[in-house]
Every structure is written in structure tokens, then in C-alpha cells.
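First comes the structure, then the notes that go with it.
We did not get these values from a lab; they are worked out from the coordinates using the rules stated. Please read all numbers here as calculations on a predicted model, not as lab measurements.
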């Protein structure tokens, strides 16, 4: 008898047909039945019709029991399988071995950081002075000299700011110097103790009328080194115009003292 499938036995001497459940059957209502023939209280004549009904009922019972047994057997088979086995991964390691005597790869030299150049000269590192003037066509040209008094190189670039003042820390007189664009700016490096100059043109105030110039004697020049905000002062006696007449013009700095 197949596990989980019902079977039945032929009628015994008493006419009893027995239904037997196979191992694993779980439907006792269908399988653990004892069917007898002929049914109690019925005659043989009546039994013919009932026998056919009994056979139909028996076939349906056996079919249901068989299906139930197959389902139970299938479930049992599925539950006996263990945990799924994961495939084992395979890793390939490749090692390159250099033959003996192979020279090592050349190592690129480390680049040397570029050293920064000299910084702009601060006002505190400079001393200003006026060189010897040269007159021509109603003007006098003076080299305005900047000397590096520090112990380090520094640079000057561009135009200084120049104006007449009443004294050190005093008020401005007339208009500040205009810039002469005839010479372009260039960077000048001053070594310790070195000098650079900017040419300063001073127009003779006598070229202007008293009404337009309003002449007055001055004694000081206020000078801003290029790109600095702290001034230097140079003693310089001259005649200036107190009104808005342009008598000062300055050039960009150049190497040397200009003498």
C-alpha cells in the first residue's frame, strides 16, 4: 500500500468491505471508514440498486483519498530538503614577480617649491629725497628718490602720489600731481640700500596770473610710495598755486637715483 493512499479490501464472508488508510493519511473522515454490504436492514432485491450507488460512492472516496495522500507525500518530500547550499566563489590572484636583476622603476624627482619673489616696499622700508633739479621751458624736473632702508629686497611699481602740504601732517595746498602716461609702469626691485626714482615736473607758478594761481610759498612735499597708504615727507621750498592750477606732474618709477 502506497504511503498516504487509501486501499480497500474485498468483502469478507459477512459481506463487509473495509477501507484502510495508508500511512501519512490526514483525512480521517474519508479514510477511516468501514463500509459494509449489504446495508443492514435491506433485502437482496433492494441491494442491487444500492450496490451500484455504493460503488460510485466507493470510487469517489478512493479518488479523494489518493489525491490527499499524494499532496501529503509531496509536502513531506519538500520539507525534508535541507538548507540551500550557496555556490562557493572562486577568486583568482595574479602575482607578478620581477626576474632577479631587474632594475627598480625610476623615481621622479620631487619638484622644489618656487620661492616667492620680493614683496612690495612698505613705506616703513623707504626713505624719500629730492635730487638735483633741471629747468626747461618754464618747468623744473626733479628726481624723486626712494631708498630701501630695510635689510631685505622689495619692489616698487607704478606712480607715487605727490602734493604740496603746509607741513608734516598738515593740509594739502593746490592740486596733487597728475600722472604722465608717456612712460609705462614697470616693476623695480630694490636691494637693501638700493634706490629708484620718479621724475617730478614742477611748473613755475609765475606762468599763471595771480588771480588764477594765488601764489604762496610752500616748504613740504607729501609723498605716497607706489601702492602704499602711509606717506613720507620731504622738505622742499618752492612757490605753489593755492588754487586749482595743475603745476605738479609725476612719472612712473624707474631704477636708480636718476642723477
Legend entry - Segment residue 244-residue 210, extension gain: residue separation times 0.36 nm, minus the distance between their alpha carbons: 11.0 nm
Legend entry - Gain upon complete extension [residue 217, residue 152; 0.36 nm per residue less C-alpha separation]: 19.6 nm
